[in-house]
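Step one of this worksheet: look at the structure below.
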Amino acid sequence: MNILSPSILSADFTILGQQIEEADRAGAQYIHIDVMDGIFVPSISYGMPVIKSIRKATDKVFDVHLMIKDPIRYIEEFAEIGSDIITFHLEATDDPQAVIDKIHSLSKKAGLAIKPGTSVETLVPYLETVDMILVMTVEPGFGGQSLIPESYDRIRRVRQMLTEKGLDTDIQVDGGIYSGNLKDILDAGANVIVSGSGIFKGNITDNTKEFLRIMGN
Ligand code: DX5
Ligand code: ZN
């Protein structure tokens with residue numbers, strides 16, 4: 001199933017709740033929430049108080065993308081405040097399996113992310129236990145960047161690796177995705193689509209509906 005996960009990093013924070021409600025009403029299935037610590041990535045975004053507060057704005061799935069070093073330190077707290085899927089970076093921890101197990105012990109879904117420069121083969125030991133793979137299509141840290149063209153082959157390769165193991169795991173993509181390149185991204189094998197600028201710049205309802213139309217929803 002194809003799923004749309006608008007990234008609120010590009011929303012207007014003065015009316016964040018309203019903008020989330022608009023994306024929700026227009027049919028987006030997830031809400032993508034980027035948490036950055038200024039260490040794993042250069043920027044600092046927002047954290048627990050914001051997530052807690054916007055939890056009241058929607059019942060949609062909270063798809064939390066942790067761009068933080070040693071994520072295991074905070075998994076429990078992110079689970080408690082209403083995250084449904086917790087995605088962390090393979091590069092941010094010495095023991096990815098421990099993080100996956102911790103997320104599962106709290107009955108949440110675990111996502112495993114890789115940056116554009118990380119070999120897709122590094123995912124192999126975790127393919128069976130993870131609920132979602134996030135193939136970053138830009139260098140994490142900022143919204144509004146252009147998609148890195150090598151991403152298409154990387155997505156195809158991850159889909160092939162999963163299929164060879166008989167797995168139908170979700171592949172999420174994040175960064176530089178717009179209605180113009182969405183079809184190629186889907187054709188490469190991704191099915192959970194994150195978009196910040198593509199949804200929140202301009203008319204949120206129209207943008208969301210156009211994404212969903214291309215996704216066949
Ligand atoms: C980047 C974040 C993205 C970001 C995407 O590090 O992980 O979720 O919001 O923004 P766009 O869709 O504008 O590239
Ligand atoms: Zn993200």
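Here are a few things to note about the model shown:
- Only a single criterion out of (1) more than 25 Å from Glu91 (Cα to Cα); (2) open to solvent by 80 Å² or more (accessible area, probe 1.4 Å) is not satisfied by Phe200, namely (2).
- Any hit, region 130-137, residues being over 14 Å from Ile171 (Cα atoms) and at pLDDT 95 or above: no
- Hits in region 93-143 - residues which are open to solvent by 10 Å² or more (accessible area, probe 1.4 Å), closer than 22 Å to Asn2 by Cβ and within 16 Å of ligand 1 (Cβ to nearest atom): Gly143
- Residue match in region 180-191 (condition: surrounded by fewer than 20 Cβ atoms within 10 Å (Cβ to Cβ) and under 14 Å from the mean Cα position of the chain (by Cα)): yes
- Selected residue (only one of Asp24, Asp59, Asp63 is of a type in the set (Asp, Glu) and under 16 Å from the mean Cα position of the chain (by Cα)): Asp63
- Checking every residue in region 89-108 against the condition of being farther than 28 Å from Pro49 by Cα, of a type in the set (A, V, I, L, M, F, W, C) and touching a helix residue (DSSP H, G or I) at 6+ places or on another chain (Cβ under 7 Å) gives zero matches.
- Between Thr129, Thr208, the distinction of being of a type in the set (S, T, N, Q), in contact (Cβ under 8 Å) with a residue 12 or more places away in the chain and under 29 Å from Gln19 (Cα atoms) belongs to Thr208 only.
- Total residues in region 155-178 satisfying the condition of being buried (at least 16 other Cβ atoms within 10 Å of the Cβ) and more than 16 Å from Lys115 (Cα to Cα): the figure is 6.
- The set of residues from region 40-54 being more than 19 Å from Lys69 (Cα to Cα) and surrounded by fewer than 16 Cβ atoms within 10 Å (Cβ to Cβ) comprises Pro49, Lys52, Ser53.
- Scanning region 1-49 for residues that are part of a helix (DSSP H, G or I) and either in contact (Cβ under 8 Å) with a residue 12 or more places away in the chain or away from ligand 1 (no atom under 16 Å from the Cβ) (or both) yields a count of 17.
- One residue stands out among those in region 144-179 that are under 18 Å from the mean Cα position of the chain (by Cα) and of a type in the set (A, V, I, L, M, F, W, C): the one that is farthest from ligand 1 (Cβ to nearest atom), which is Val158.
The values are calculated or read from the model by the stated rules, or taken from the named source; none is laboratory data. Owing to the predicted nature of the structure, the values given are computational and were not obtained by experimental measurement. Here the Cβ is made from the backbone with ideal geometry for all residues, glycine too, and neighbour counts use every protein chain on show. Keep in mind that these areas ignore ligands, DNA and RNA; they rest on the heavy atoms of the full protein, side chains included. Shrake-Rupley method; radii C 1.70, N 1.55, O 1.52, S 1.80 Å.
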